[in-house]
Structure formats: structure tokens, C-alpha cells
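Heads up: the structure comes next, in C-alpha cells.
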Amino acid sequence: MVEGQGQLTVITGPSGVGKGTLVKRLLERNPRIWLSVSATTRSPRDGEQEGVSYFFQSRERFEALVADGGLLEWAEFAGNCYGTPRDPVEAKLSSGRPVLLEIELEGARQVRSSFTDAVQIFLAPPSFLELERRIRGRGTDSEEAILRRLARAQEELKAKDEFDAVVVNDDLDEALLRLERLMGLH
Ligand code: ADP
Ligand code: 5GP
């Protein structure tokens, strides 16, 4: 790692595994961590706020960001585009803050090739049935979106061994402690 640079951590895992829940707890307990806000072409879900959950963009605006090199990585997921704005991540790392990206598999692979010092963590469900139960229990997605997300989840789970560590999100508090340890927080 370059002297004085913040640590970059990437968290990847299938939709519904509990990434959002865990990341929220992680940030509450560790306010120094800076979570990157992604750009997406997906429509906002109930309660999601522009600039907090995501920067919600039209396809055209998203494509312009890609063309201008404004994204550090990007990927298509379940019919929508998602990407990490480059400038804020580089600025926070330079200022020494720990930076967290919560992104899907293709994006994690892109980051792996450009940020070799990043810690890459795969969050896995205790079982596939439990994953389905969580996605359905969340109640935010249409049946079509749920089926697409479950199909994608099966692909993502196959790639878990590419990561520096696999954390199983069974007991939330245990998973949180494991994450903090992997991020060097204690
Ligand atoms: P993701 O961000 O990975 O798509 P969410 O954080 O939205 O997943 O979690 C999906 C659902 O699973 C939510 O209803 C959440 O409350 C629930 N959940 C998250 N972690 C756990 C856990 N350790 N045990 C049981 N339910 C969980
Ligand atoms: P959701 O629609 O549930 O918010 O997110 C769908 C998937 O997109 C999740 O796996 C999430 O981690 C991923 N994702 C969110 N932001 C980004 C991003 O900036 N880049 C990439 N590659 N994936 C992202």
C-alpha cells in the first residue's frame, strides 16, 4: 500500500445476502469508513434517496459517464447498469480514509486488476434457500426481478473462491465482527 493511502475494501455477494444491512451497521460503528455512492440506471425503490443510496441516472447519462472515463468500474446487473464514480474514491483514498465499495462480481473483478492492494470480501448466505427467503422477505422486487436475481446469485456463488475471504452472513453480529477484522479495524 502507498504510505498514507486509505485501505480500499470491496464487498460482493448475491442480492439479498444482507450486504446493505451489514454495511449500514459497519458504518454506524466505524464512521471513518467512507462508502462509495454508485451511479445506476435502476429506478429508486421506496425510501431510496438521490445521492445517498445511489445517483440515479438515465441510460444516456450513464453511457456518457462511461465514455468520459468517469467510472472506476461498471457492470450490467439484472437489466440495469451500475458503476463507481472514480474521482471521489481516489480523493478519499488519498486523504487516508478507509473506502468501501459494495459492488457485484464483474465490478469486483475490474477493481482487482487495477487496485491490487484492495481487500476483496465475498459475503455468502448460509444456504440458497435462506437467500431466496431473504430476497422475498425484503419485499422490494417484482417476481421477475427476484427470479433474475436468484439466477445471477447462483453464478456469483460459484466465484466466491476468487476472493481474499468468504464471510457467511448467518448471525449478523458475527459476520460484522469478521468483516471488521478483515478490514483491519480491530
Ligand atoms: P442485499 O443488500 O445484499 O441485497 P439486504 O441487506 O437488503 O441484502 O438484506 C436482505 C434481507 O435479509 C433483508 O430483509 C434483511 O433484513 C435480511 N437479513 C440481512 N442479514 C440477515 C441475517 N444475518 N439474518 C437474517 N436476515 C438477514
Ligand atoms: P441493487 O439493485 O439491489 O441495489 O443492487 C444490485 C447489485 O448491484 C448488487 O449486487 C450491488 O452490489 C451491485 N452494485 C451496486 N453498485 C454497484 C457499482 O457501482 N458497481 C457494480 N459493479 N455493482 C454495483
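Computed from the coordinates by the stated procedures, all read-outs in this text should not be read as laboratory data. This one's a predicted model, so the numbers in the text were calculated from it and none came from an experiment. A quick note on method: Cβ atoms are made from the backbone with ideal geometry, for glycine too, and the neighbour counts reach across all protein chains shown.
Decide, for the chain, between rounded, prolate and oblate: order the square roots of the alpha carbon gyration tensor eigenvalues as a ≥ b ≥ c, take rounded if a/c falls under 1.5, and otherwise choose prolate if a/b is larger than b/c, else oblate.
Oblate, because a/c is 1.5 or more while a/b does not exceed b/c.
Given Cα pairs under 8 Å that are at least 6 residues apart, what percent is the relative contact order of the chain?
Reported relative contact order: 33 percent.
Sequence-distant or interchain residues sharing an amide H contact under 5 Å with SER53, placed H: which?
none
List the residues whose amide H sits under 5 Å from the amide H of VAL168, counting only those 5 or more places along or on another chain, with H placed 1.01 Å from N in the peptide plane.
Those qualifying (amide H under 5 Å, at least 5 residues apart or on another chain) are ALA124.
Given +1 on the Cβ of Lys and Arg, -1 on the Cβ of Asp and Glu, and no further charges, what dipole in debye does the chain carry about its Cα centre, rounded to the nearest 20?
Charge dipole of the chain: 260 debye, to the nearest 20.
With only Lys, Arg, Asp and Glu charged, each at its Cβ (+1 for the first two, -1 for the last two), find how big the charge dipole of segment 1-70 is about the Cα centre; round to the nearest 20 debye.
340 debye
Suppose we flag trypsin sites (Lys or Arg not before Pro) only when DSSP calls them loop and at most 13 other Cβ atoms lie within 10 Å. Which is the longest uninterrupted stretch of the chain?
Result, exposed sites excluded: 46-186.
Using alpha carbons only, how many angstrom separate the centre of segment 1-56 from the centre of segment 126-146?
When both Cα centres are located, 20 Å separates them.
Would segment 82-154 count as rounded, prolate or oblate if I go by the C-alpha gyration tensor, calling it rounded below 1.5 in a/c and otherwise prolate when a/b exceeds b/c, oblate otherwise?
Verdict is prolate for segment 82-154.
For segment 128-135, in order, what is each residue's ³J(HN,Hα) by Karplus, 6.51 cos²θ - 1.76 cosθ + 1.60 with θ = phi - 60°, in whole Hz (x at glycine and Pro)?
5, 4, 5, 4, 4, 4, 5, 4
Based on the Cβ-Cβ distance from ASP164 to SER113, what FRET efficiency comes out when R0 is 22 Å, to the nearest 0.05?
Efficiency, from the Cβ-Cβ distance: 0.90.
Under 25 Å from the Cα of LYS92, which lysines turn up, not counting those fewer than eight places away in the same chain?
LYS19, LYS24
For ARG59 and LEU147 in one chain, what is 0.36 nm times their gap in residues minus the Cα-Cα distance, to one decimal in nm?
29.4 nm
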